[in-house]
Amino acid sequence: MTVKSSIFNIRTRGNTDIIDITSKVADEVERSNIHDGIVAVFVPGSTAGITTIEYETGVLNDLKKAIERIAPGDIHYDHDTRWGDGNGFSHVRAALLGASLSVPFRQKRLLLGTWQQIVLICFDNRPRSRDIFLQIVGD
């Protein structure tokens with residue numbers, strides 16, 4: 001078994017910015033020289049998350065609306081009272097989504113569904129620079 005680690009950076013706009021990172025993850029798997037295994041995709045921090053979705057305008061808008069219904073940006077959050085930064089909603093949203101995802105791959109190809117892409121979602125209330133960490137494990 002071999003383990004390779006890599007990192008890449010993404011600039012976000014914040015406010016539920018959804019960015020397709022599938023090609024960057026696939027490129028890193030290809031470069032790893034590991035043929036079969038799993039790639040773990042992780043975003044550090046507490047105001048962003050990683051998931052999969054069909055990266056299509058209608059679905060992206062639907063997801064943004066659903067997130068707004070689940071953790072509205074315009075209600076009181078105790079975090080905002082304590083820190084005054086106005087991003088309490090972003091911490092809640094990120095906690096609900098999660099910071100990581102594991103994707104299997106075979107013959108250096110991610111085993112994603114036809115309409116399934118890996119996305120980074122930045123929930124913060126401002127633009128950010130996000131490092132994405134990958135751990136590629138396999139043979």
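Do we have Asp124 as of a type outside the set (Gly, Ala, Ser), within 18 Å of the chain's Cα centre (by Cα) and either in a strand (DSSP E or B) or surrounded by 12 or more Cβ atoms within 10 Å (Cβ to Cβ) (or both) here? When the stated conditions are applied, Asp124 passes them.
In segment 68-85 there is no residue matching the filter, namely being exposed (fewer than 14 other Cβ atoms within 10 Å of the Cβ) and in contact with an Asp or Glu (Cβ under 8 Å, 6 or more places away or on another chain).
Inspect segment 94-115 for any residue being more than 12 Å from the chain's Cα centre (by Cα), of a type outside the set (A, V, I, L, M, F, W, C), surrounded by 19 or more Cβ atoms within 10 Å (Cβ to Cβ) and modelled with pLDDT of 95 or more and give the result as yes or no. No; the residues of segment 94-115 include none that is more than 12 Å from the chain's Cα centre (by Cα), of a type outside the set (A, V, I, L, M, F, W, C), surrounded by 19 or more Cβ atoms within 10 Å (Cβ to Cβ) and modelled with pLDDT of 95 or more. Filtering Asn15, Asn33 for residues that are at pLDDT below 95 and either over 12 Å from the mean Cα position of the chain (by Cα) or of a type in the set (Gly, Ala, Ser) (or both) leaves a single hit, Asn33.
The values are calculated or read from the model by the stated rules, or taken from the named source; none is laboratory data. Fair warning: this is a prediction, and the values are worked out from it, not measured in the lab. Neighbour counts are summed over all protein chains in view; Cβ atoms, including those assigned to glycine, are modelled from backbone coordinates with ideal geometry.
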